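The values are calculated or read from the model by the stated rules, or taken from the named source; none is laboratory data. No experiment lies behind these values; they were computed from the predicted model shown. For neighbour counting, all protein chains shown are included, and Cβ atoms are generated from backbone atoms with ideal geometry for every residue, glycine included.
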(Lines give C-alpha, C1' and ligand atoms only; values in the text may rest on other atoms or scores of the structure.)
Protein backbone atom coordinates (compact mmCIF):
# COMPACT_ATOMS: atom_id res chain seq x y z
CA UNK A 1 0.00 0.00 0.00
CA UNK A 2 2.75 2.35 0.98
CA UNK A 3 4.62 1.66 -2.21
CA UNK A 4 1.54 2.33 -4.31
CA UNK A 5 1.14 5.70 -2.58
CA UNK A 6 4.83 6.46 -3.15
CA UNK A 7 4.62 5.68 -6.85
CA UNK A 8 1.42 7.65 -7.18
CA UNK A 9 2.85 10.74 -5.51
CA UNK A 10 6.02 10.31 -7.60
CA UNK A 11 3.88 10.47 -10.72
CA UNK A 12 1.88 13.44 -9.47
CA UNK A 13 4.98 15.39 -8.42
CA UNK A 14 6.79 14.71 -11.71
CA UNK A 15 3.72 15.74 -13.73
CA UNK A 16 3.51 18.87 -11.57
CA UNK A 17 7.15 19.64 -12.23
CA UNK A 18 6.57 19.15 -15.96
CA UNK A 19 3.61 21.55 -16.00
CA UNK A 20 5.56 24.10 -13.96
CA UNK A 21 8.38 23.98 -16.51
CA UNK A 22 5.99 24.21 -19.46
CA UNK A 23 4.33 27.24 -17.88
CA UNK A 24 7.68 28.91 -17.29
CA UNK A 25 8.87 28.30 -20.85
CA UNK A 26 5.52 29.49 -22.22
CA UNK A 27 5.64 32.66 -20.18
CA UNK A 28 9.08 33.36 -21.53
CA UNK A 29 8.72 32.33 -25.18
CA UNK A 30 5.16 33.27 -26.20
CA UNK A 31 4.97 36.24 -28.59
CA UNK A 32 2.48 38.63 -26.96
CA UNK A 33 1.26 39.52 -23.50
CA UNK A 34 -2.07 37.71 -23.60
CA UNK A 35 -0.57 34.49 -24.93
CA UNK A 36 2.07 34.60 -22.17
CA UNK A 37 -0.72 35.22 -19.70
CA UNK A 38 -2.53 32.15 -20.98
CA UNK A 39 0.54 29.94 -20.70
CA UNK A 40 1.37 31.09 -17.21
CA UNK A 41 -2.04 31.10 -15.59
CA UNK A 42 -3.47 27.85 -16.92
CA UNK A 43 -0.43 25.76 -16.05
CA UNK A 44 -0.15 27.50 -12.67
CA UNK A 45 -3.44 26.10 -11.44
CA UNK A 46 -2.82 22.63 -12.88
CA UNK A 47 0.72 22.39 -11.54
CA UNK A 48 -0.18 23.49 -8.03
CA UNK A 49 -3.01 20.96 -7.98
CA UNK A 50 -0.63 18.15 -8.98
CA UNK A 51 2.27 19.10 -6.72
CA UNK A 52 0.19 19.68 -3.60
CA UNK A 53 -1.78 16.51 -4.42
CA UNK A 54 1.48 14.56 -4.49
CA UNK A 55 2.45 16.03 -1.15
CA UNK A 56 -0.94 15.14 0.36
CA UNK A 57 -0.35 11.48 -0.54
CA UNK A 58 2.94 11.65 1.35
CA UNK A 59 1.51 13.43 4.37
CA UNK A 60 -0.97 10.73 5.39
CA UNK A 61 -3.59 11.68 7.95
CA UNK A 62 -2.14 14.61 9.88
CA UNK A 63 -2.46 18.34 10.45
CA UNK A 64 -0.16 18.83 7.45
CA UNK A 65 -2.83 17.26 5.21
CA UNK A 66 -5.44 19.72 6.42
CA UNK A 67 -3.09 22.62 5.75
CA UNK A 68 -2.24 21.28 2.30
CA UNK A 69 -5.92 20.91 1.42
CA UNK A 70 -6.45 24.50 2.60
CA UNK A 71 -3.51 25.67 0.47
CA UNK A 72 -4.85 23.93 -2.62
CA UNK A 73 -8.37 25.32 -2.09
CA UNK A 74 -7.12 28.88 -1.61
CA UNK A 75 -4.69 28.62 -4.53
CA UNK A 76 -7.44 27.39 -6.85
CA UNK A 77 -9.50 30.42 -5.89
CA UNK A 78 -6.86 33.14 -5.72
CA UNK A 79 -4.62 32.16 -8.63
CA UNK A 80 -7.30 32.52 -11.37
CA UNK A 81 -8.57 35.66 -9.63
CA UNK A 82 -5.19 37.32 -9.80
CA UNK A 83 -4.83 36.23 -13.44
CA UNK A 84 -8.18 37.90 -14.09
CA UNK A 85 -6.94 41.03 -12.35
CA UNK A 86 -3.73 41.16 -14.39
CA UNK A 87 -5.54 40.64 -17.70
CA UNK A 88 -8.17 43.22 -16.80
CA UNK A 89 -5.58 45.77 -15.75
CA UNK A 90 -3.78 45.32 -19.07
CA UNK A 91 -7.04 45.60 -21.01
CA UNK A 92 -8.11 48.72 -19.10
CA UNK A 93 -4.82 50.41 -19.80
CA UNK A 94 -5.50 50.01 -23.53
CA UNK A 95 -3.42 46.99 -24.44
CA UNK A 96 -5.30 45.25 -27.24
CA UNK A 97 -5.07 41.50 -27.76
CA UNK A 98 -2.98 40.76 -30.81
CA UNK A 99 -5.42 39.50 -33.46
CA UNK A 100 -3.17 39.88 -36.45
CA UNK A 101 -2.02 36.28 -36.32
CA UNK A 102 -5.20 34.91 -37.78
CA UNK A 103 -5.57 37.44 -40.55
CA UNK A 104 -2.00 36.92 -41.60
CA UNK A 105 -2.04 33.11 -41.38
CA UNK A 106 0.71 32.82 -38.79
CA UNK A 107 2.98 35.54 -40.06
CA UNK A 108 3.32 38.48 -37.73
CA UNK A 109 2.81 42.04 -38.88
CA UNK A 110 5.00 44.49 -37.14
CA UNK B 1 21.44 20.39 -0.98
CA UNK B 2 19.66 23.04 1.06
CA UNK B 3 22.77 25.22 0.99
CA UNK B 4 22.85 24.92 -2.81
CA UNK B 5 19.24 26.13 -3.00
CA UNK B 6 20.04 28.99 -0.63
CA UNK B 7 23.04 30.11 -2.69
CA UNK B 8 20.98 29.89 -5.87
CA UNK B 9 18.18 32.01 -4.39
CA UNK B 10 20.65 34.50 -2.96
CA UNK B 11 22.22 35.01 -6.40
CA UNK B 12 18.75 35.61 -7.84
CA UNK B 13 18.29 38.12 -5.02
CA UNK B 14 21.41 40.02 -6.09
CA UNK B 15 20.24 40.12 -9.72
CA UNK B 16 16.84 41.48 -8.65
CA UNK B 17 18.46 44.06 -6.37
CA UNK B 18 20.64 45.40 -9.21
CA UNK B 19 17.60 45.49 -11.50
CA UNK B 20 15.60 47.46 -8.91
CA UNK B 21 18.33 50.09 -8.74
CA UNK B 22 18.53 50.32 -12.52
CA UNK B 23 14.77 50.47 -13.14
CA UNK B 24 13.62 53.95 -14.09
CA UNK B 25 9.94 53.18 -14.12
CA UNK B 26 8.83 53.10 -10.50
CA UNK B 27 6.01 50.67 -11.21
CA UNK B 28 8.56 48.21 -12.57
CA UNK B 29 10.72 48.77 -9.50
CA UNK B 30 7.70 47.99 -7.32
CA UNK B 31 7.08 44.70 -9.13
CA UNK B 32 10.72 43.71 -8.73
CA UNK B 33 10.52 44.63 -5.03
CA UNK B 34 7.67 42.16 -4.65
CA UNK B 35 9.81 39.42 -6.20
CA UNK B 36 12.62 40.46 -3.87
CA UNK B 37 10.34 40.02 -0.89
CA UNK B 38 9.20 36.57 -2.04
CA UNK B 39 12.82 35.49 -2.51
CA UNK B 40 13.77 36.86 0.89
CA UNK B 41 11.00 34.94 2.65
CA UNK B 42 12.06 31.74 0.86
CA UNK B 43 15.65 32.29 1.94
CA UNK B 44 14.69 32.90 5.55
CA UNK B 45 12.67 29.71 5.47
CA UNK B 46 15.55 27.66 4.03
CA UNK B 47 17.84 29.03 6.74
CA UNK B 48 15.34 27.82 9.37
CA UNK B 49 14.19 31.28 10.49
CA UNK B 50 10.48 30.51 10.25
CA UNK B 51 9.35 33.44 12.40
CA UNK B 52 11.20 36.00 10.28
CA UNK B 53 10.02 34.31 7.10
CA UNK B 54 6.42 34.55 8.26
CA UNK B 55 6.90 38.25 9.04
CA UNK B 56 8.32 38.86 5.59
CA UNK B 57 5.41 36.94 4.04
CA UNK B 58 2.75 38.76 6.05
CA UNK B 59 4.18 42.18 5.24
CA UNK B 60 5.55 41.55 1.75
CA UNK B 61 2.69 39.58 0.20
CA UNK B 62 0.04 42.26 0.29
CA UNK B 63 0.68 45.32 2.40
CA UNK B 64 3.88 46.64 0.84
CA UNK B 65 2.50 46.42 -2.68
CA UNK B 66 -0.71 48.16 -1.64
CA UNK B 67 1.02 50.98 0.25
CA UNK B 68 3.65 51.50 -2.46
CA UNK B 69 0.85 51.70 -5.06
CA UNK B 70 -0.82 54.32 -2.87
CA UNK B 71 2.41 56.31 -2.87
CA UNK B 72 2.83 55.76 -6.62
CA UNK B 73 -0.64 57.20 -7.25
CA UNK B 74 0.50 60.45 -5.65
CA UNK B 75 3.64 60.82 -7.76
CA UNK B 76 4.56 60.19 -11.35
CA UNK B 77 5.45 56.77 -12.62
CA UNK B 78 8.93 57.71 -13.80
CA UNK B 79 11.97 58.41 -11.76
CA UNK B 80 13.41 61.89 -12.15
CA UNK B 81 16.67 61.70 -14.12
CA UNK B 82 19.65 62.11 -11.89
CA UNK B 83 21.74 64.97 -13.26
CA UNK B 84 24.63 65.46 -10.87
CA UNK B 85 27.17 62.64 -10.63
CA UNK B 86 27.82 61.99 -6.94
CA UNK B 87 31.61 61.81 -7.00
CA UNK B 88 31.93 61.88 -3.22
CA UNK B 89 29.60 58.90 -2.82
CA UNK B 90 31.70 56.59 -4.98
CA UNK B 91 34.83 56.42 -2.76
CA UNK B 92 32.69 56.34 0.41
CA UNK B 93 30.69 53.38 -0.87
CA UNK B 94 33.81 51.67 -2.23
CA UNK B 95 35.68 52.00 1.07
CA UNK B 96 32.69 50.84 3.10
CA UNK B 97 32.15 47.87 0.83
CA UNK B 98 35.83 46.92 1.03
CA UNK B 99 35.71 47.14 4.83
CA UNK B 100 32.57 45.00 4.98
CA UNK B 101 34.03 42.38 2.66
CA UNK B 102 37.22 42.37 4.72
CA UNK B 103 35.20 41.95 7.92
CA UNK B 104 33.22 39.10 6.40
CA UNK B 105 36.40 36.95 6.28
CA UNK B 106 36.25 36.82 10.08
CA UNK B 107 32.66 35.52 10.04
CA UNK B 108 32.23 31.99 11.35
CA UNK B 109 31.17 29.31 8.88
CA UNK B 110 27.40 29.02 8.38
CA UNK B 111 25.97 26.76 11.06
CA UNK B 112 29.25 26.50 13.01
CA UNK B 113 28.31 25.44 16.58
CA UNK B 114 31.42 27.23 17.92
CA UNK B 115 30.30 30.60 16.53
CA UNK B 116 29.99 33.38 19.14
CA UNK B 117 26.27 33.75 18.50
CA UNK B 118 25.70 30.20 19.73
CA UNK B 119 27.98 30.59 22.75
CA UNK B 120 26.77 33.87 24.25
CA UNK B 121 23.23 33.99 25.70
CA UNK B 122 21.54 31.49 23.41
CA UNK B 123 22.38 28.38 25.53
CA UNK B 124 20.93 30.14 28.55
CA UNK B 125 17.69 30.97 26.67
CA UNK B 126 17.36 27.42 25.36
CA UNK B 127 17.98 25.99 28.83
CA UNK B 128 15.78 28.36 30.82
CA UNK B 129 12.78 28.71 28.50
CA UNK B 130 11.21 25.35 29.49
CA UNK B 131 11.78 26.14 33.19
CA UNK B 132 10.79 29.80 33.34
CA UNK B 133 8.29 30.33 30.54
CA UNK B 134 7.37 26.83 29.40
CA UNK B 135 6.26 27.46 25.82
CA UNK B 136 7.58 25.46 22.85
CA UNK B 137 8.55 28.41 20.63
CA UNK B 138 11.72 29.86 22.14
CA UNK B 139 11.62 32.83 19.75
CA UNK B 140 8.32 33.97 21.24
CA UNK B 141 9.69 33.45 24.76
CA UNK B 142 12.72 35.62 23.97
CA UNK B 143 10.79 38.37 22.21
CA UNK B 144 7.81 38.39 24.55
CA UNK B 145 9.37 37.77 27.91
CA UNK B 146 13.17 37.83 28.20
CA UNK B 147 13.57 40.81 25.92
CA UNK B 148 10.13 42.31 26.31
CA UNK B 149 11.62 45.75 26.80
CA UNK B 150 13.09 45.71 23.26
CA UNK B 151 9.77 44.60 21.83
CA UNK B 152 8.04 47.41 23.70
CA UNK B 153 10.44 49.80 21.98
CA UNK B 154 9.62 48.26 18.60
CA UNK B 155 5.90 48.68 19.17
CA UNK B 156 6.40 52.33 19.96
CA UNK B 157 8.60 52.75 16.89
CA UNK B 158 5.72 51.40 14.76
CA UNK B 159 3.29 53.69 16.53
CA UNK B 160 5.58 56.71 16.02
CA UNK B 161 6.10 55.83 12.34
CA UNK B 162 2.34 55.65 11.85
CA UNK B 163 1.88 59.07 13.46
CA UNK B 164 4.66 60.46 11.27
CA UNK B 165 3.04 59.16 8.07
CA UNK B 166 -0.32 60.56 9.16
CA UNK B 167 1.23 63.99 9.82
CA UNK B 168 2.94 64.05 6.42
CA UNK B 169 -0.11 62.93 4.47
CA UNK B 170 -2.76 65.00 6.22
CA UNK B 171 -0.93 68.26 5.53
CA UNK B 172 -2.67 69.90 2.60
CA UNK B 173 -3.19 73.34 1.21
CA UNK B 174 -6.77 74.60 1.44
CA UNK B 175 -6.80 75.45 -2.28
CA UNK B 176 -6.09 71.84 -3.25
CA UNK B 177 -9.24 70.38 -1.83
CA UNK B 178 -11.26 70.35 -5.04
CA UNK B 179 -12.34 66.93 -6.14
CA UNK B 180 -10.85 65.70 -9.43
CA UNK B 181 -11.39 61.97 -9.24
CA UNK B 182 -14.74 60.25 -8.87
CA UNK B 183 -15.35 58.56 -5.54
CA UNK B 184 -13.55 55.25 -5.28
CA UNK B 185 -15.78 52.30 -6.04
CA UNK B 186 -13.10 49.68 -5.63
CA UNK B 187 -13.65 46.51 -7.56
CA UNK B 188 -17.43 46.42 -7.12
CA UNK B 189 -17.89 46.24 -10.88
CA UNK B 190 -15.67 43.19 -11.23
CA UNK B 191 -17.61 40.06 -10.44
CA UNK B 192 -14.80 37.50 -10.17
CA UNK B 193 -12.58 39.33 -7.65
CA UNK B 194 -15.67 40.25 -5.68
CA UNK B 195 -16.91 36.68 -5.30
CA UNK B 196 -13.47 35.17 -4.68
CA UNK B 197 -12.47 37.99 -2.34
CA UNK B 198 -15.61 37.71 -0.27
CA UNK B 199 -15.03 34.00 0.07
CA UNK B 200 -11.37 34.37 1.06
CA UNK B 201 -11.79 37.36 3.39
CA UNK B 202 -13.11 35.52 6.48
CA UNK B 203 -10.38 32.90 6.10
CA UNK B 204 -7.71 35.58 6.06
CA UNK B 205 -9.06 37.07 9.30
CA UNK B 206 -9.38 33.59 10.84
CA UNK B 207 -5.83 32.72 9.79
CA UNK B 208 -4.67 36.00 11.34
CA UNK B 209 -6.15 34.99 14.68
CA UNK B 210 -4.62 31.53 14.32
CA UNK B 211 -1.17 33.09 13.82
CA UNK B 212 -1.79 35.37 16.79
CA UNK B 213 -2.65 32.64 19.25
CA UNK B 214 -0.48 29.89 17.79
CA UNK B 215 2.62 32.07 18.24
CA UNK B 216 3.51 30.25 21.46
CA UNK B 217 3.75 26.92 19.66
CA UNK B 218 4.96 27.65 16.15
CA UNK B 219 6.06 30.52 13.96
CA UNK B 220 3.83 33.53 14.43
CA UNK B 221 2.87 36.15 16.94
CA UNK B 222 1.36 39.56 17.26
CA UNK B 223 3.29 41.33 14.53
CA UNK B 224 2.54 38.79 11.78
CA UNK B 225 -1.07 38.43 12.89
CA UNK B 226 -1.63 42.19 12.91
CA UNK B 227 -0.26 42.43 9.37
CA UNK B 228 -2.40 39.53 8.12
CA UNK B 229 -5.62 40.88 9.65
CA UNK B 230 -4.79 44.32 8.24
CA UNK B 231 -4.33 42.72 4.80
CA UNK B 232 -7.78 41.18 5.13
CA UNK B 233 -9.37 44.51 5.99
CA UNK B 234 -7.46 46.21 3.16
CA UNK B 235 -8.84 43.55 0.81
CA UNK B 236 -12.31 44.58 1.96
CA UNK B 237 -11.50 48.21 1.18
CA UNK B 238 -10.20 47.22 -2.28
CA UNK B 239 -13.31 45.20 -3.05
CA UNK B 240 -15.97 47.55 -1.73
CA UNK B 241 -14.33 50.94 -2.10
CA UNK B 242 -12.98 53.37 0.44
CA UNK B 243 -16.27 54.79 1.55
CA UNK B 244 -17.94 51.55 2.56
CA UNK B 245 -14.77 50.30 4.21
CA UNK B 246 -14.56 53.42 6.35
CA UNK B 247 -18.24 53.16 7.22
CA UNK B 248 -17.79 49.55 8.34
CA UNK B 249 -14.53 50.22 10.13
CA UNK B 250 -14.27 53.92 10.93
CA UNK B 251 -11.03 55.79 11.39
CA UNK B 252 -11.45 56.39 15.09
CA UNK B 253 -11.42 52.63 15.74
CA UNK B 254 -8.09 52.33 13.90
CA UNK B 255 -6.65 55.22 15.89
CA UNK B 256 -7.87 53.66 19.13
CA UNK B 257 -6.29 50.37 18.04
CA UNK B 258 -2.93 51.90 17.14
CA UNK B 259 -2.72 53.74 20.46
CA UNK B 260 -4.54 51.17 22.59
CA UNK B 261 -2.30 48.24 21.68
CA UNK B 262 0.85 50.09 22.70
CA UNK B 263 -0.93 51.24 25.86
CA UNK B 264 -1.97 47.67 26.69
CA UNK B 265 1.64 46.53 26.34
CA UNK B 266 2.93 49.29 28.62
CA UNK B 267 0.14 48.68 31.14
CA UNK B 268 1.11 45.01 31.42
CA UNK B 269 4.59 46.24 32.39
CA UNK B 270 3.19 48.68 34.94
CA UNK B 271 0.94 45.97 36.34
CA UNK B 272 4.10 43.96 37.03
CA UNK B 273 5.43 46.87 39.14
CA UNK B 274 2.09 47.32 40.88
CA UNK B 275 2.01 43.67 41.88
CA UNK B 276 5.45 43.80 43.41
CA UNK B 277 7.73 42.72 40.59
CA UNK B 278 9.84 44.54 38.01
CA UNK B 279 8.69 46.34 34.85
CA UNK B 280 7.48 43.71 32.34
CA UNK B 281 8.12 40.88 34.80
CA UNK B 282 5.10 38.65 34.18
CA UNK B 283 5.85 36.07 36.84
CA UNK B 284 4.02 38.09 39.48
CA UNK B 285 0.85 38.48 37.41
CA UNK B 286 -0.51 35.19 38.69
CA UNK B 287 0.08 33.06 41.76
CA UNK B 288 1.88 30.53 39.58
CA UNK B 289 4.90 32.17 37.88
CA UNK B 290 4.58 30.10 34.71
CA UNK B 291 0.87 30.88 34.37
CA UNK B 292 1.80 34.53 34.93
CA UNK B 293 4.33 34.30 32.08
CA UNK B 294 1.70 32.78 29.78
CA UNK B 295 -0.81 35.48 30.66
CA UNK B 296 1.77 38.25 30.19
CA UNK B 297 2.91 36.95 26.78
CA UNK B 298 -0.71 36.55 25.65
CA UNK B 299 -1.50 40.14 26.62
CA UNK B 300 1.57 41.77 25.13
CA UNK B 301 1.22 39.78 21.89
CA UNK B 302 -2.36 41.02 21.70
CA UNK B 303 -1.06 44.57 22.23
CA UNK B 304 1.51 44.18 19.44
CA UNK B 305 -1.08 42.74 17.07
CA UNK B 306 -3.62 45.49 17.73
CA UNK B 307 -1.07 48.27 17.27
CA UNK B 308 0.35 46.81 14.05
CA UNK B 309 -3.11 46.21 12.56
CA UNK B 310 -4.34 49.71 13.46
CA UNK B 311 -1.17 51.44 12.21
CA UNK B 312 -1.10 49.64 8.87
CA UNK B 313 -4.78 50.37 8.25
CA UNK B 314 -4.32 54.04 9.15
CA UNK B 315 -1.39 54.36 6.75
CA UNK B 316 -3.35 52.65 3.95
CA UNK B 317 -6.38 54.89 4.44
CA UNK B 318 -4.21 57.99 4.71
CA UNK B 319 -2.78 57.26 1.26
CA UNK B 320 -6.20 56.47 -0.16
CA UNK B 321 -7.73 59.67 1.24
CA UNK B 322 -4.88 61.75 -0.14
CA UNK B 323 -5.41 60.18 -3.54
CA UNK B 324 -9.07 61.04 -3.88
CA UNK B 325 -9.19 64.77 -3.33
CA UNK C 1 17.55 11.38 -6.50
CA UNK C 2 14.68 12.32 -4.26
CA UNK C 3 11.31 13.02 -5.88
CA UNK C 4 11.04 16.29 -3.96
CA UNK C 5 14.36 17.41 -5.40
CA UNK C 6 13.16 16.99 -8.97
CA UNK C 7 10.12 19.18 -8.36
CA UNK C 8 12.27 21.71 -6.54
CA UNK C 9 14.65 21.95 -9.48
CA UNK C 10 11.71 22.41 -11.87
CA UNK C 11 10.35 25.17 -9.63
CA UNK C 12 13.73 26.88 -9.35
CA UNK C 13 14.23 26.83 -13.14
CA UNK C 14 10.76 28.30 -13.61
CA UNK C 15 11.55 30.95 -11.00
CA UNK C 16 14.56 31.94 -13.12
CA UNK C 17 12.37 32.04 -16.24
CA UNK C 18 9.88 34.25 -14.39
CA UNK C 19 12.69 36.55 -13.25
CA UNK C 20 13.93 36.80 -16.86
CA UNK C 21 10.39 37.73 -17.93
CA UNK C 22 10.21 40.30 -15.11
CA UNK C 23 13.51 41.83 -16.16
CA UNK C 24 12.78 41.87 -19.90
CA UNK C 25 9.25 43.19 -19.72
CA UNK C 26 8.52 44.62 -22.27
CA UNK C 27 5.26 46.02 -20.87
CA UNK C 28 4.54 46.67 -17.20
CA UNK C 29 1.88 43.96 -17.19
CA UNK C 30 4.36 41.31 -18.27
CA UNK C 31 6.17 42.09 -15.05
CA UNK C 32 2.97 41.85 -13.02
CA UNK C 33 2.37 38.49 -14.67
CA UNK C 34 5.90 37.38 -13.74
CA UNK C 35 5.35 38.45 -10.13
CA UNK C 36 2.09 36.53 -10.08
CA UNK C 37 3.81 33.40 -11.40
CA UNK C 38 6.62 33.84 -8.96
CA UNK C 39 4.15 34.03 -6.08
CA UNK C 40 2.52 30.69 -6.97
CA UNK C 41 5.92 29.09 -7.46
CA UNK C 42 6.93 30.36 -4.01
CA UNK C 43 3.92 28.68 -2.42
CA UNK C 44 4.83 25.40 -4.11
CA UNK C 45 8.51 25.76 -3.29
CA UNK C 46 7.80 26.41 0.40
CA UNK C 47 5.44 23.44 0.65
CA UNK C 48 7.89 21.07 -1.03
CA UNK C 49 10.84 22.31 1.06
CA UNK C 50 8.75 21.85 4.19
CA UNK C 51 8.41 18.19 3.23
CA UNK C 52 11.97 17.72 2.00
CA UNK C 53 13.46 18.97 5.27
CA UNK C 54 10.78 17.37 7.46
CA UNK C 55 9.47 20.60 8.95
CA UNK C 56 5.82 20.05 8.19
CA UNK C 57 4.67 22.40 10.96
CA UNK C 58 6.02 25.25 8.89
CA UNK C 59 3.42 24.94 6.14
CA UNK C 60 1.86 28.05 7.70
CA UNK C 61 4.18 30.14 5.58
CA UNK C 62 2.92 28.64 2.31
CA UNK C 63 -0.63 29.05 3.60
CA UNK C 64 0.01 32.75 4.25
CA UNK C 65 1.12 33.27 0.67
CA UNK C 66 -1.75 31.21 -0.73
CA UNK C 67 -4.20 33.39 1.19
CA UNK C 68 -2.93 36.92 0.74
CA UNK C 69 -0.70 36.94 -2.32
CA UNK C 70 -3.54 38.04 -4.61
CA UNK C 71 -4.31 41.19 -2.60
CA UNK C 72 -1.37 42.98 -4.21
CA UNK C 73 -2.54 42.07 -7.73
CA UNK C 74 -6.08 43.25 -6.94
CA UNK C 75 -4.57 46.51 -5.72
CA UNK C 76 -2.86 46.87 -9.10
CA UNK C 77 -6.21 46.46 -10.85
CA UNK C 78 -7.75 49.14 -8.60
CA UNK C 79 -4.77 51.40 -9.28
CA UNK C 80 -5.00 51.01 -13.07
CA UNK C 81 -8.78 51.39 -13.03
CA UNK C 82 -8.45 54.59 -11.01
CA UNK C 83 -5.77 56.05 -13.24
CA UNK C 84 -7.82 55.18 -16.30
CA UNK C 85 -11.02 56.72 -14.93
CA UNK C 86 -9.14 59.91 -13.90
CA UNK C 87 -7.63 60.15 -17.37
CA UNK C 88 -10.98 59.63 -19.12
CA UNK C 89 -12.79 62.12 -16.85
CA UNK C 90 -10.05 64.69 -17.53
CA UNK C 91 -10.52 64.06 -21.25
CA UNK C 92 -14.27 64.57 -21.08
CA UNK C 93 -13.78 67.87 -19.24
CA UNK C 94 -11.67 69.29 -22.06
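Number of residues in region C:41-52 that are within 15 Å of the chain's Cα centre (by Cα) and more than 10 Å from chain B (Cβ to nearest Cβ): the value is 1.
Look through region B:1-32, keep the residues that are out of contact with any strand residue (DSSP E or B) (no Cβ under 8 Å at 6 or more places or on another chain) and in a loop (DSSP other than H, G, I, E, B), and return whichever of them is farthest from residue C:30 (Cα to Cα). Residue satisfying both the conditions and the ranking: B:1.
Where helices (runs of 4 or more DSSP H) fall entirely within region B:231-325, those with at least 2 residues that are at pLDDT 90 or above and outside the structural domain of residue B:72 (by TED's automatic domain parsing) are at B:251-274, B:289-323.
Yes/no matrix, rows are residues, columns are (1) buried (at least 17 other Cβ atoms within 10 Å of the Cβ); (2) over 25 Å from residue A:65 (Cα atoms); (3) more than 10 Å from chain C (Cβ to nearest Cβ); (4) in contact with a helix residue (DSSP H, G or I) (Cβ under 7 Å, 6 or more places away or on another chain):
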position	(1), (2), (3), (4)
A:3	no, no, yes, no
A:11	no, no, no, no
A:17	yes, no, no, yes
A:23	yes, yes, no, yes
A:26	yes, yes, no, yes
A:36	yes, yes, no, yes
A:40	yes, yes, no, yes
A:44	yes, no, no, yes
A:52	yes, no, no, yes
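Has region B:33-44 got any residue that is surrounded by 10 or more Cβ atoms within 10 Å (Cβ to Cβ), within 10 Å of another protein chain (Cβ to nearest Cβ) and in contact with a strand residue (DSSP E or B) (Cβ under 7 Å, 6 or more places away or on another chain)? No, region B:33-44 contains no residue that is surrounded by 10 or more Cβ atoms within 10 Å (Cβ to Cβ), within 10 Å of another protein chain (Cβ to nearest Cβ) and in contact with a strand residue (DSSP E or B) (Cβ under 7 Å, 6 or more places away or on another chain). The residues in region C:35-81 that are free of Cβ contacts under 8 Å to residues at least 40 places away in the same chain and more than 22 Å from residue A:16 (Cα to Cα) can be counted, and the count is 11. Restricted to region C:53-69, and to residues there that are more than 8 Å from chain B (Cβ to nearest Cβ) and either in a helix (DSSP H, G or I) or modelled with pLDDT of 85 or more (or both), the residue that is farthest from residue A:62 (Cα to Cα) is C:66. Taking the stated definitions as given, is residue B:190 closer than 21 Å to residue B:307 by Cα and at pLDDT 80 or above? Here the answer is no, as residue B:190 does not meet what is asked. Among the numbered conditions (1) modelled with pLDDT of 85 or more; (2) farther than 23 Å from residue C:28 by Cα; (3) facing chain C (nearest Cβ under 9 Å), the only one that residue A:62 does not meet is (1).
Filtering B:163, B:101 for residues that are modelled with pLDDT of 85 or more and surrounded by 11 or more Cβ atoms within 10 Å (Cβ to Cβ) leaves a single hit, B:163. Consider residue B:223 carefully, then state whether it is away from every other protein chain (no Cβ under 11 Å) and part of a helix (DSSP H, G or I). Considered against the rule, which asks whether it is away from every other protein chain (no Cβ under 11 Å) and part of a helix (DSSP H, G or I), residue B:223 comes out as yes. Screening residue B:15 with (1) more than 8 Å from chain C (Cβ to nearest Cβ); (2) free of Cβ contacts under 8 Å to residues at least 40 places away in the same chain; (3) surrounded by fewer than 20 Cβ atoms within 10 Å (Cβ to Cβ) gives one miss only, at (1).
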